[in-house]
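Here is the structure we will look at, set down as structure tokens.
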Amino acid sequence: MPTVLRDAGLRIVIYTDDHPPPHVHVFGNGETKIALEGQDGGVAVVRVVGADRRESRRALQIVREKRDYLLEKWNGIHG
């Protein structure tokens, strides 16, 4: 489970054996799963487990800002 980015106390992970569509798992006090290619072409929260609203919003903001980098990492891991 490679950590591809750390920011604001959050750890962003892409699992090597995970499935499409491209997404990341963001860990802090809980987990927020975020799709990198949502229905509108942007990022979208898929699931939240144990993270409060503030943490999930921060996770979404970071992923939105780093989307291109994270997609590059996803494609590097999953081809």
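The values are calculated or read from the model by the stated rules, or taken from the named source; none is laboratory data. Everything numeric here is computed off the predicted structure, so don't read it as measured data. FYI the Cβ positions are ideal-geometry reconstructions off the backbone, even for glycines, and counts take in every protein chain you see.
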Worksheet item: Can you name every residue in the stretch 65-79 that is in a helix (DSSP H, G or I), of a type outside the set (A, V, I, L, M) and buried (at least 17 other Cβ atoms within 10 Å of the Cβ)?
Response: Arg67, Lys73, Trp74
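What is the residue count in the stretch 47-59 for residues that are in contact with a helix residue (DSSP H, G or I) (Cβ under 8 Å, 6 or more places away or on another chain) and either in contact (Cβ under 8 Å) with a residue 40 or more places away in the chain or crowded, with 19+ Cβ neighbours inside 10 Å (or both)?
Selection size over the stretch 47-59: 1.
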Worksheet item: Among the listed residues Ile62, Ile34, which satisfies the condition of being in contact with an Asp or Glu (Cβ under 6 Å, 6 or more places away or on another chain), closer than 19 Å to Asp7 by Cβ, touching a residue at least 24 places away in the same chain (Cβ under 8 Å) and buried (at least 19 other Cβ atoms within 10 Å of the Cβ)?
Response: Ile62
Item to complete: Please indicate, with yes or no, whether at least one residue in the stretch 3-24 is modelled with pLDDT of 95 or more, surrounded by 15 or more Cβ atoms within 10 Å (Cβ to Cβ) and of a type in the set (Gly, Ala, Ser).
Response: no
Worksheet item: So, in the stretch 37-46, of the ones that are out of contact with any Pro (no Cβ under 6 Å at 6 or more places or on another chain) and closer than 16 Å to Pro20 by Cβ, which residue ends up surrounded by the most Cβ atoms within 10 Å (Cβ to Cβ)?
Response: Val43
Worksheet item: Would the stretch 11-26 turn up any residue that is among the hydrophobic types (A, V, I, L, M, F, W, C) and out of contact with any Lys or Arg (no Cβ under 9 Å at 6 or more places or on another chain)?
Response: yes
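Rundown of residues vs (1) hydrophobic (A, V, I, L, M, F, W, C); (2) on the phi > 0 side of the Ramachandran plot; (3) at pLDDT below 95, yes/no style:
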| residue | (1), (2), (3) |
| --- | --- |
| Ala35 | yes, no, no |
| Gly38 | no, no, yes |
| Val45 | yes, no, no |
| Ala51 | yes, no, no |
| Glu55 | no, no, no |
| Ala59 | yes, no, no |
| Ile62 | yes, no, no |
| Glu65 | no, no, no |
| Trp74 | yes, no, no |
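Out of curiosity, is Pro21 of a type outside the set (A, V, I, L, M, F, W, C) and in contact with an Asp or Glu (Cβ under 6 Å, 6 or more places away or on another chain)? Talk me through it step by step, then tell me what you get.
Numbers: of a type outside the set (A, V, I, L, M, F, W, C): yes; in contact with an Asp or Glu (Cβ under 6 Å, 6 or more places away or on another chain): yes.
Yes; evaluated as a whole, the condition is true for this residue.
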